[in-house]
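Below: one structure, written as structure tokens.
The values are calculated or read from the model by the stated rules, or taken from the named source; none is laboratory data. Since the structure is predicted, the reported quantities are computational estimates derived from the model, not experimental observations. Counting neighbours? That spans all protein chains shown, and the Cβs are built from the backbone with ideal geometry, glycine included. Surface areas here come from the heavy atoms of the whole protein model, side chains and all, with no ligands, DNA or RNA. Shrake-Rupley method; radii C 1.70, N 1.55, O 1.52, S 1.80 Å.
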Amino acid sequence: MQFQMISKNPDETARFYCELIGWTADANNALGYREIRTGSAEGIQGGIWPAPPQSPNFVQLFMAVDDVKSAVQKAESLGAGVLIPPASLPAGDEMAVLHDPQGMSFAVWRRSS
């Protein structure tokens with residue numbers, strides 16, 4: 001569905017990639033999230049999110065699902081752990097963040113429209 005970069009300096013990260021490979025970044029939203037448009041019809045779009053102080057920088061994949069709560073329950077039954085439980089976002093989307101059984105974080109997401 002999309003990628004997300006977690007960065008301790010999201011403005012600098014956005015500036016670097018925008019200058020390097022021509023992405024555009026838009027932080028005009030209630031959460032300060034930097035929505036990234038790669039300018040390519042191929043692949044996926046993404047964004048840059050501020051990292052919490054205790055977190056390293058990392059990249060995270062988001063998978064589109066029809067039902068976030070059901071996807072979380074299934075993931076847990078397969079050995080995943082929940083980092084951020086299912087939550088509604090200001091625009092009406094729903095998401096949850098998990099660790100897979102090997103410890104890699106990923107998110108499940110349902111768009112509101």
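Can you tell me how many residues within the range 44-98 are under 30 Å from R15 (Cα atoms) and aliphatic (A, V, I, L, M)?
Selection size over the range 44-98: 16.
From the residues in the range 6-29 that are in contact with a helix residue (DSSP H, G or I) (Cβ under 6 Å, 6 or more places away or on another chain) and in a strand (DSSP E or B), which one is surrounded by the fewest Cβ atoms within 10 Å (Cβ to Cβ)?
Filtering first and then ranking leaves A25.
Restricting to the range 30-42, and then to whatever is open to solvent by less than 90 Å² (accessible area, probe 1.4 Å), in contact (Cβ under 8 Å) with a residue 12 or more places away in the chain and outside any strand (DSSP E or B), can you tell me which residue is farthest from L89 (Cα to Cα)?
Top of the filtered list is G39.
Considering only residues that are of a type in the set (G, A, S) and over 16 Å from the mean Cα position of the chain (by Cα), look in the range 72-104 and name the one that is farthest from I6 (Cα to Cα).
Here the answer is S77.
Anything in the range 79-108 that is within 14 Å of L61 (Cβ to Cβ) and touching a residue at least 60 places away in the same chain (Cβ under 8 Å)? List them, or say none.
Within the range 79-108, A107 is the sole residue that qualifies.
Output the residues belonging to the range 43-60 that are open to solvent by 30 Å² or more (accessible area, probe 1.4 Å) and either assigned to a loop (DSSP other than H, G, I, E, B) or of a type in the set (V, I, T) (or both).
Residues satisfying the conditions are G43, I44, P52, P53, Q54, P56, N57, V59.
Kindly evaluate M63 against the criterion of being open to solvent by 70 Å² or more (accessible area, probe 1.4 Å), touching a residue at least 40 places away in the same chain (Cβ under 8 Å), touching a strand residue (DSSP E or B) at 6+ places or on another chain (Cβ under 6 Å) and on the phi < 0 side of the Ramachandran plot.
For M63, the condition - open to solvent by 70 Å² or more (accessible area, probe 1.4 Å), touching a residue at least 40 places away in the same chain (Cβ under 8 Å), touching a strand residue (DSSP E or B) at 6+ places or on another chain (Cβ under 6 Å) and on the phi < 0 side of the Ramachandran plot - is met.
Out of the residues in the range 66-108 that are of a type in the set (S, T, N, Q), outside any helix (DSSP H, G or I) and at pLDDT below 95, which is surrounded by the most Cβ atoms within 10 Å (Cβ to Cβ)?
Once the filter is applied, the top-ranked residue is S105.
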